[in-house]
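Following: one structure in structure tokens, then a few remarks.
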Amino acid sequence: MRVMVIGATGVLGVPAVARLLQAGHEVSGLARSADRVLAVERTGAKPVLGDLFDETSLATALRGHDAVLNLATRIPGPRDMTRKASWAENDHVRLAGSATLAAAVRRVDELRTVVQEGISFVYADGGDHELDEEAPISPRGVTASSVRAHGNVAALEASGRTVIRLRIANLVGTGALLSPLILGARKDWTTAIHPTDAAAGAVASLKAPSGIYNVGATPVRKEHLGRVMAEAAGVRKARTVPKWLASRLSLAEPMARSQRVVSRKLADATGWRCELPEPGPEWFEPR
């Protein structure tokens with residue numbers, strides 16, 4: 001399969017490109033400018049110049065491909081994550097980027113499969129209940145753009161294309177943000193995933209039928225993940241923001257929910273399984 005990866009140099013894109021190449025696919029990476037060509041080349045993908053926010057440019061880049069994985073995000077750094085304005089670029093990438101992608105794909109007849117990243121933080125607080133893809137969602141603040149991005153590409157199903165919308169769990173481990181912080185009740189549930197397993201899930205989804213798919217490791221109590229992250233960061237214990245307080249902060253509220261997200265649908269459809277199924281020290285080892 002000829003696959004274009006958008007966001008090829010990111011925390012998900014790099015391992016996704018590696019997985020695709022290992023599986024024998026022809027892999028291209030979108031380079032937004034000439035000075036990004038070398039970075040894309042380093043991933044092993046073939047650089048193709050194109051602008052995620054320009055329909056004609058993107059359609060030209062997509063020609064000759066059977067599938068596209070849109071893994072592009074602009075997650076702010078640790079110092080800026082608590083500022084709402086810092087998330088504006090990420091929202092722009094998801095909203096304008098997905099809308100441009102959908103329009104560009106309509107101009108490329110041979111491209112039949114679209115995979116759009118998204119996040120599992122959109123689920124409503126489920127308490128101790130497992131949350132599959134039919135569970136209620138409650139997008140709020142910075143999570144809302146994920147749902148709208150999924151809506152932008154979902155319309156492509158009407159043209160007979162396969163459209164995969166991923167709800168990826170909290171990325172934790174090598175290459176991802178390390179912040180030993182518990183938002184919400186320590187006994188509540190959370191679902192994380194190592195970036196390499198998330199990338200493998202995105203690649204596996206190319207074999208799935210159209211739909212929404214959760215991509216996460218085994219859910220654990222928040223205190224468990226906090227303990228693992230504290231050990232990796234070399235601190236005594238994770239800091240905790242109580243649920244009553246986090247629920248009053250628009251940026252923190254979605255992450256303070258109890259979310260026991262399960263990914264059986266993707267596993268059943270593709271055979272994908274996490275190589276690192278539960279958070280532990282090995283998540284922070286070089287891979």
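Details
- Of all residues in the stretch 111-129, those that are at positive phi and in contact (Cβ under 8 Å) with a residue 24 or more places away in the chain have Cβ atoms under 9 Å from Cβ atoms of residues that are among the aromatic types (F, W, Y) and open to solvent by 10 Å² or more (accessible area, probe 1.4 Å), 6 or more apart or on another chain, in G127/W189.
- Matching residues, the stretch 197-222, being within 25 Å of S28 (Cβ to Cβ) and either in contact with a Phe, Trp or Tyr (Cβ under 7 Å, 6 or more places away or on another chain) or open to solvent by 30 Å² or more (accessible area, probe 1.4 Å) (or both): A200, G201, A204, S205, K207, P209, S210
- Per-region count, the stretch 83-142, residues under 22 Å from A8 (Cα atoms), modelled with pLDDT under 95 and among the β-branched types (V, I, T): 1
- The stretch 178-232, residues that are under 17 Å from the mean Cα position of the chain (by Cα) and assigned to a strand (DSSP E or B): T190, A192, I193, G211, I212, Y213, N214, V215
- In the set R227, R186, R248, only one residue is among the charged types (D, E, K, R) and buried (at least 17 other Cβ atoms within 10 Å of the Cβ); that residue is R227.
- Evaluated against (1) within 21 Å of T73 (Cβ to Cβ); (2) at pLDDT 95 or above; (3) not in a loop (DSSP other than H, G, I, E, B), P254 falls short on exactly one condition, (2).
- Output for the stretch 97-125, where each listed residue is in contact with a strand residue (DSSP E or B) (Cβ under 9 Å, 6 or more places away or on another chain) and open to solvent by 10 Å² or more (accessible area, probe 1.4 Å): E110, R112, T113, I119, F121, A124
The values are calculated or read from the model by the stated rules, or taken from the named source; none is laboratory data. Keep in mind that this is a model prediction, so the values were computed, not measured. Using ideal geometry, Cβ is built from the backbone for each residue, glycine included, and neighbour counts are taken over all protein chains shown. The area values use the complete protein model at the heavy-atom level, side chains included, leaving out ligands, DNA and RNA. Shrake-Rupley method; radii C 1.70, N 1.55, O 1.52, S 1.80 Å.
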